[in-house]
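Okay, so here's the structure we're looking at.
Just so it is clear, none of the values below were taken in a lab; they were calculated from the coordinates. What you are looking at is a predicted structure, and each value in this text was computed from that prediction instead of being measured.
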Amino acid sequence: MARDKLQELLSELQQQGAVISSDLRDALEVAMGKLPLVSQREFDIQTAKLARAEEKLAQLEEQIRALESRLGD
């Protein structure tokens, strides 16, 4: 008798777990669909552009320092 009740409870818990898992999966799919995701390729392109911009900025800063130095002389 008690064993049957435990089996029944276990079965119900497993069913509820499946429902909860399904609901969570659905919620995650909706949330992921709303995220502004980019492809790895686009990320790599933007990273390379940023690196080039940083290099150019460093060059321009050096040129400004050189010009300021000439003006100070």
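To one decimal place, what Kirkwood hydrodynamic radius in Å is obtained for the chain from all pairs of distinct Cα atoms?
18.5
In a GNM of the chain with a 10 Å cut-off on Cα contacts, which of Leu37, Leu28, Leu60 has the highest mean-square fluctuation?
Fluctuation is largest for Leu60.
What are the ³J(HN,Hα) couplings of region 12-26, residue after residue, when phi is run through the Karplus curve with 6.51, -1.76, 1.60 and θ = phi - 60°? Round to Hz, x for glycine and proline.
3J(HN,Hα) across region 12-26, in whole Hz: 5, 4, 5, 5, 5, x, 5, 5, 4, 4, 5, 4, 5, 4, 4.
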